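Structure record follows, encoded as structure tokens.
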Amino acid sequence: MPDIMGARDIAFPHLGIYIENLPKSFSVFGIEIAFYGLIIGIGVILGVLMAVKMAKLEGMNPDIIWDFAIYAVIFSVIGARIYYVVFSWDMYKDDLLSIFNIRQGGLAIYGGVIAAFITLFVYSRIKKLSPYQIGDCGVYGLVLGQIIGRWGNFFNREAFGSYTDSLFAMRLPVDAVRFRDMAQSHIDGMAAMGDVNFIQVHPTFLYEGAWNLCLLIVMLLYHKRKKYHGQMCLFYLGGYGIGRFIIEGLRTDQLLIPGTQIAVSQVLGLALFIFAVILNVIVRLRLLKNTNSTEKEDKEQ
């Protein structure tokens with residue numbers, strides 16, 4: 001275990017992991033490139049490739065996914081930023097130009113998800129295609145992109161939780177995090193190594209990434225057993241929703257419903273979980289009823 005901690009170090013002390021001098025960006029030919037943006041970009045590319053792969057397994061023309069992805073990616077980024085700005089308006093109301101600066105983060109995944117689904121239904125209506133079949137392929141890419149994209153939060157030292165001394169506790173130098181993301185529990189538990197003050201937090205970005213990885217694995221295993229188009233969309237919305245509801249409760253950078261202390265992502269996550277479960281039950285019952293009716297008619301004939 002190091003005796004001192006640098007201003008750009010990150011550590012998981014109980015796991016014996018110490019990462020020294022980890023920058024938030026790097027320079028190529030004098031151009032500063034943020035790891036946050038690079039990782040988000042990688043997540044988008046691999047997510048689209050995953051969706052294309054699933055389209056082939058579905059027997060769907062993969063060109064549909066490539067075409068849809070162009071619009072989905074653009075509007076998802078816009079939606080993710082709008083969502084974040086709306087629920088963090090006090091940060092931007094006095095400097096409107098800062099709305100366009102996303103180099104330091106400020107993309108809310110639920111805004112991107114909402115925009116992606118709106119784009120899906122508009123695109124499908126224009127092209128006269130099934131939004132449910134396209135969506136069932138797209139959600140695989142969406143969840144993979146989220147898994148990868150969360151590591152952008154790691155490089156940015158953001159999306160973390162309250163103080164903890166648990167097995168997965170992560171140490172961050174105070175100077176490397178945004179003051180608005182710190183809670184009283186961080187201040188109370190603040191310590192020093194050498195000349196650097198650090199806080200010890202729940203790595204909620206890691207929790208969510210691990211949850212999404214499990215969700216993706218289950219979705220892949222269940223793929224061939226799905227009963228109707230749109231079922232994997234509901235599986236994603238419900239699975240991610242309940243996971244986000246739980247993990248969001250640990251975070252200290254929550255986006256709150258204006259005038260309350262209620263985290264909007266918790267409310268939305270729980271609502272989507274309930275919606276997905278109820279709608280899945282309704283559709284399955286209708287399918288069962290139709291199957292029974294068909295079998296009855298066959299017997300009568």
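The values are calculated or read from the model by the stated rules, or taken from the named source; none is laboratory data. Bear in mind that the values here come from a model prediction, so they are computed numbers and not experimental data. Here the Cβ positions follow ideal geometry from the backbone for every residue, glycine too, while neighbour counts run over all protein chains shown.
Structure data summary
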| item | result |
| --- | --- |
| Counted residues, the range 135-168 - those being touching a Ser or Thr at 6+ places or on another chain (Cβ under 7 Å) and among the hydrophobic types (A, V, I, L, M, F, W, C) | 2 |
| Residue that is nearest to residue 137 (Cα to Cα), among those in the range 1-52 that are of a type in the set (D, E, K, R) and touching a residue at least 60 places away in the same chain (Cβ under 8 Å) | 24 |
| Output for the range 159-174, where each listed residue is under 21 Å from residue 149 (Cα atoms), touching a strand residue (DSSP E or B) at 6+ places or on another chain (Cβ under 6 Å) and not in a strand (DSSP E or B) | 160, 169 |
| The listed residue being assigned to a strand (DSSP E or B) and either at positive phi or not charged (D, E, K, R) (or both), out of 18, 110 | 18 |
| Out of 184, 231, sole residue that is at pLDDT below 95 and among the polar types (S, T, N, Q) | 184 |
| Close pairs (7 angstrom Cβ cut-off, 6 or more residues apart or separate chains): surrounded by fewer than 22 Cβ atoms within 10 Å (Cβ to Cβ) in the range 122-145, among the hydroxyl-bearing types (Ser, Thr, Tyr) and not in a helix (DSSP H, G or I) anywhere | 124/130 |
| Residues located in the range 92-107, provided they are surrounded by 13 or more Cβ atoms within 10 Å (Cβ to Cβ), part of a helix (DSSP H, G or I) and among the hydrophobic types (A, V, I, L, M, F, W, C) | 99 |
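For every residue, the table says whether it meets (1) over 18 Å from residue 80 (Cα atoms); (2) modelled with pLDDT under 95; (3) not hydroxyl-bearing (Ser, Thr, Tyr); (4) not in a helix (DSSP H, G or I).
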| site | (1), (2), (3), (4) |
| --- | --- |
| 206 | yes, no, yes, no |
| 216 | yes, no, yes, no |
| 224 | yes, yes, yes, no |
| 268 | no, no, yes, no |
| 272 | no, no, yes, no |
| 279 | yes, no, yes, no |
| 282 | yes, no, yes, no |
